[in-house]
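J.: One structure, as structure tokens, below. Some questions next.
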Amino acid sequence: MPNGAARAATNAGSLSAEELEGIEASYWYGTDPDEEEDDQLVGTTLNETYAVKRILGEGGMGRVYEAQHTRIASKRFAVKALHPEFARRKDVLVRFQREVEAAASITSPHVVGVYDVGETTDGRPYLVSELLEGQEFGDYLDAVGRMPIGAAVRIVRQVCKALISAHDKGVVHRDIKPENVFLVGDSALPTAKVLDFGISRLEGQAGNTLTKTGMVMGTPSYMAPEQARGMRVDHRADIYATGAILYRALTGKMPFDRADSTATLAAVLTEEPERPRALVPSLPEDLEMVIQRAMARDPDNRYQSIAELDAALAAYDEEPLAAVDVTEVSMTGKRPRLPSAATLITADRERIVRGARPQLVVLSVVAGAALVGALVVVVGAVLRLIRAGANPTVTATEALVVGLVVAVGLATPVALLVRHVKRSAWDNTAKVIEVVASVRDPVLVGLAASGCLAVLLRLLESVVLRTAVGISWPVWDLMVPLVGVAAAAGTHFWRRVGSEQLRSMGNPAGTILLALGGAAVVIVVVALAAVRTVDGGEAVAEDDDSDETTAATDDDDDDEPKTAKSAALLKTRANAAGSIPKPTQASYPLYDKMKFEVKRRNAKGALNLLDQILRIDGAAGHDRDLRPAIMKLAQRSFIAPGESQTRMIVLLTSGLGSAGPDIMFELMVTAGGSKAATYSTRTLKDEGVRSTATPGMRIAYDLRHAKGCDEAKKLFSRVIKDGDHRALRELKRLQSCRNNKRCCSGRDPDLKKTIAAVLARQ
């Protein structure tokens, strides 16, 4: 082992990544008689105070000597003098003087003392420092491998205290490593001394003539990434290096240990050190997190002061037994320990650390499920809006396709995100906690905003407007997810960008902005609901069971004959009781009153009016003026199971007579995707039901389900006899499609003849 005093005084501080091995190889220790005989300083007295006795060692920057105080013989010092080539550079001399003064200004029992500075007779600058006797921390670690937690933390905290004093003076070491930490005193409870403050700065400013020590300063294995890039560094580079020392002490391995300095630098720049618990599974997760946070690649993610790192390590510090009062020792010989504040804080921090990864998994699953669901709902709402209300719901096939498209579309981004998190953060507890902190609030706020808006909409539709099925309006389906996404994005912006600026506005700023945002959403929701209520919108609503439901007409109406004359009179009657407000009741015929109730989404009232109309004229379902209202009423009645749906089924299958199957056919053709269309399609498969329909509907249905042109041609004679606009629509479908076995050529003479015949009958 080299002489400890010599190594402590000889250490040159920062070393080049390229020439680390060469510089280290140039160190020699002990006394060489030939060298001492040739050295001009040995045997001289510096500043009439320091008698140079012998050479202790030599490094890339200078030579170190042992000196004795001329007036106090028991005082010994280490004197370091620069090599002559450095002494000829004025900028080096100025920098040397300034850095020595900075190091001398640091007062700490854990910093090697610097006592004096001067020049030799040949003009070389020298400094006088404390002469240490003990063991270099690096040599100790090489001997023991890894240390117990308490002992390692105790030494590293002493390094922290040294750096606290240095940073308070504005001095950044920039080459913290085990070789620059010296252990003195009792070997069981040693005192750590940090060496070579300021020397690295000297080398960093020395210019191109100092290529022996390199332009990238520091020791690669303990070097912060920004330092390895050659960037300007601050005190946080020392925090990184201190964390790296603790990593080495607790795991027995350097964070980055490659075959040469270049490979080590590349690893520092591009990789994360192996997870400490992967090397030592018994290491507490909380302590692992402290190390990983101190060694964060981004300086902003590290502890922002060395004092923070020191406080984080306090709970793991090994308390010297000698410091405990003997009265505290129990009869069993065990020392009672009460939980200290640091211990309690560590226990709480340990819970946070242990829960970080499960929280990240849960938040990711919840956020992913919410995102998939939101996208499916939004796409479905867009489809419904594009249909302009014709199809109030998406079909099962459409829902399946949309779900698959969204899932496939998100699969690759999600896989890449998971891979990125696994590679860059999962093994780093500090990063996992950081990711959880950045994700948790946006996810929770987004879900809360969507949930609150959903509750508001239900309150508005069910209680205020009393149209509960209006909650299915596609606009609401668009708005709820978008508000959630906006809230999550706003929270993320607040955390990452706006928090500092908004904080300067005062504590109420966040509350005020939150209140304004919530008020804006409420105003928009109420306005949209009002617009939808006024114009009928595209929404559908369930039965309105209020007292405004239309009542039956007078008993005398039941005795009126069901004739065409009575149907004509029907449109002029306005004295029947109903849900129309009294001022307008007399001006609305029953047809118009029913249309009005349909527009109001009052299904029950509209059904009551339709019953009255059918009691007067059972063939009213064939009236082209009334049929659109009946079809719209059917779609709305089928939105949800209930009385209205049951009554509409009865009307379609029997109450409307032959008009019922006709209306179901129109629903099947024009309202695909709605529940009414689905029911109609299923019901019309029954030939018995179709047999009650009009001839025009039956031939149109058969044409629609013909399996090819030849089969369709067999129906042309019936089409010419019974076909109407519905058959004509099916014929044009046969004529217009291309390259399809179900189609006929547009020039087919039989098809053209049949179309002409139907047109002539119109």
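J.: Using 0.36 nm per residue, how much length does the chain from LYS752 to VAL421 gain when fully extended, once their Cα-Cα distance is taken away?
T.: 112.5 nm
J.: Tell me, what is the FRET efficiency for ARG761 and VAL464 to the nearest 0.05, using R0 = 60 angstrom and their Cβ-Cβ distance as r?
T.: Efficiency, from the Cβ-Cβ distance: 0.70.
J.: Between VAL382 and ALA448, how many nm apart are label points set 7 Å from Cα along the C-beta direction?
T.: The modelled label-to-label distance comes out at 3.0 nm.
J.: R0 = 25 Å: FRET efficiency of ARG682 with HIS622, Cβ-based, nearest 0.05?
T.: Approximately 0.60, to the nearest 0.05.
J.: Step through the table entries LYS632/LYS721; LYS593/LYS632; LYS675/LYS732; LYS90/LYS193; LYS253/LYS431; LYS193/LYS431, compare each Cα-Cα distance with 20 Å, and write down the pairs that go over it.
T.: Over 20 Å Cα-Cα: LYS632/LYS721; LYS675/LYS732; LYS90/LYS193; LYS253/LYS431; LYS193/LYS431.
J.: Obtain the nm distance between the two label points defined at LYS75 and SER717 by a simple spin-label model: each point lies 7 Å from its Cα along the Cα-to-C-beta direction.
T.: 13.3 nm
J.: Moving on to the next point. Take VAL366 and VAL144, extend 7 Å from each Cα along the Cα→Cβ direction, and tell me the distance between the two endpoints in nm.
T.: 4.5 nm
J.: What list of ³J(HN,Hα) couplings, whole Hz, do you get for segment 281-296 from phi and the Karplus terms 6.51, -1.76, 1.60, once you set θ to phi - 60° and write x for glycine and proline?
T.: Along segment 281-296, the couplings run x, 7, 5, x, 4, 5, 5, 4, 4, 4, 4, 5, 5, 4, 9, 4 Hz.
J.: Can I ask one more? Taking only C-alpha pairs under 8 Å that are 6+ residues apart, what is the relative contact order of segment 628-738 in percent?
T.: 19 percent
J.: Residues of segment 122-136 with amide nitrogen under 12 Å from the 7 Å Cα-to-Cβ point of LYS90?
T.: none
No lab work stands behind these numbers, since they all come straight from the coordinates. Here the structure is a predicted model, which is why all the values come from computation and not from measurement. We place every Cβ from the backbone using ideal geometry, glycine too, and count neighbours over all the protein chains shown.
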